[in-house]
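Remarks on the structure that follows.
The values are calculated or read from the model by the stated rules, or taken from the named source; none is laboratory data. Because the structure is a prediction, the values reported are computed rather than measured. No Cβ is skipped: glycine too gets one built from the backbone with ideal geometry, and neighbour counts run over all protein chains shown.
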Amino acid sequence: MKHIDLNCDMGESFGAYTLGMDEAVIRHISSANIACGWHAGDAQVMGRTVKAAKAHGVGVGAHPGYPDLMGFGRRHMDCTPEEIRNYVIYQIGAVQAFCAAYGTRLRHVKPHGALYLTAVENETVARAVAEAVVSVDPNLLYVALAGAKGKRMRTIGETVGLNVVYEAFPDRAYTFDGTLVSRKKPGAVIHDPKQVAERALIMAKENKVVAEDGTVIPLEVHTLCVHGDTPSAVDLVGSIRETLEAEGIDIRPMGVCFG
């Protein structure tokens, strides 16, 4: 039986603001990328989300981003490598502490938003992020973009000694060169559960994705991501899981299915 991980960005509420539908989404996923308080989230939310993940047998991951609460971490910041390393170390430590407090373990790290996309394109940023992860714990899994476009990010992670998990996005449109279509463009985020589930199945079974212009992009995929702040997130993850399991694909946390 083929197996794959289904991850979702979670814990993005903060203060009086509620983002996402974590309680419903977490029932369908196998790994949670938990916001670390800088692009979203706060101490109360981190604690609740780690406890919920443990209760549902969901793997816990840190989701560090740029210190950009106003922009939800989706704006580029001109940071030095040392700043990026320290930002990532700080944020991993926050989630790691909650894991220790609630009797579970941190399994993986996945950069968020602009930090993730910059690491795909920029070797210096990619190296700073990977070095931060390995300095905290070399046994942590490192989530990076699948396909040719993500090769730089993945190679640097592997070079510093990390086990790298290859990630694809069934709810996001791809460009012809294998990167994600900018959220500023119409159609960048796919909301139809049936369409997203079909894309997830093709990614998982056929190791490919069809770009917005029809280009077929080869992908080796270990984990599929659905964004928790998408209004239809519950329907998307439910449809993906149902479709994959109907095709004999087992859903497992990335620490179990890979690494």
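Details
- Residue selected from segment 17-39 under the condition assigned to a loop (DSSP other than H, G, I, E, B) and free of Cβ contacts under 8 Å to residues at least 60 places away in the same chain, by the criterion nearest to Gly73 (Cα to Cα): Trp38
- Summed over segment 60-93, the residues that are among the basic types (Lys, Arg) and over 14 Å from Leu117 (Cα atoms) give a count of 1.
- For beta carbons closer than 8 Å, sequence separation of 6+ or different chains, a first residue in segment 196-207 that is under 12 Å from Ile4 (Cβ atoms) and a second that is surrounded by 16 or more Cβ atoms within 10 Å (Cβ to Cβ) and small (Gly, Ala, Ser), the qualifying pairs are Met203/Ala168.
- The lone exception for Arg241 - which of (1) at pLDDT below 95; (2) surrounded by fewer than 22 Cβ atoms within 10 Å (Cβ to Cβ); (3) not in a loop (DSSP other than H, G, I, E, B) it fails: (1)
- Residue in segment 231-249 that is touching a Lys or Arg at 6+ places or on another chain (Cβ under 6 Å) and either more than 17 Å from Lys149 (Cβ to Cβ) or polar (S, T, N, Q) (or both) present: yes
- Tally, over segment 41-70, of residues that are surrounded by 15 or more Cβ atoms within 10 Å (Cβ to Cβ), assigned to a loop (DSSP other than H, G, I, E, B) and more than 17 Å from the chain's Cα centre (by Cα): 4
- Answer residue from segment 5-16, given it is touching a Ser or Thr at 6+ places or on another chain (Cβ under 7 Å) and in contact (Cβ under 8 Å) with a residue 60 or more places away in the chain and is surrounded by the most Cβ atoms within 10 Å (Cβ to Cβ) among those: Met10
- Meets criteria (modelled with pLDDT of 95 or more, in contact with a Lys or Arg (Cβ under 9 Å, 6 or more places away or on another chain) and within 23 Å of Glu247 (Cβ to Cβ)) for Glu167: yes
- Subset of segment 141-193 (residues that are crowded, with 20+ Cβ neighbours inside 10 Å and in contact (Cβ under 8 Å) with a residue 60 or more places away in the chain): Leu141, Val143, Ala146, Gly147, Val165, Glu167, Pro170, Asp171
- Of everything listed in (1) farther than 30 Å from Thr124 by Cβ; (2) within 15 Å of the chain's Cα centre (by Cα), the single unmet condition for Ala101 is (2).
- Test for Ile202: is it surrounded by 14 or more Cβ atoms within 10 Å (Cβ to Cβ), modelled with pLDDT under 95, of a type in the set (Val, Ile, Thr) and within 20 Å of the chain's Cα centre (by Cα): no
- Near pairs, Cβ below 7 angstrom, 6+ apart or cross-chain, from segment 217-236 (modelled with pLDDT of 90 or more) to any residue that is part of a loop (DSSP other than H, G, I, E, B) and surrounded by fewer than 20 Cβ atoms within 10 Å (Cβ to Cβ): Ile217/Ala211; Pro218/Asn207; Leu219/Asn207; Glu220/Asn207; Val221/Asn207; His222/Phe258; Val234/Met21
- Search result, residues across segment 71-103 that are among the hydrophobic types (A, V, I, L, M, F, W, C) and not in a helix (DSSP H, G or I): Phe72, Met77, Cys79
- Single match in Gly255, Gly214, Gly228, Gly248 (criterion: under 17 Å from Gly59 (Cβ atoms) and either touching an Asp or Glu at 6+ places or on another chain (Cβ under 7 Å) or assigned to a loop (DSSP other than H, G, I, E, B) (or both)): Gly228
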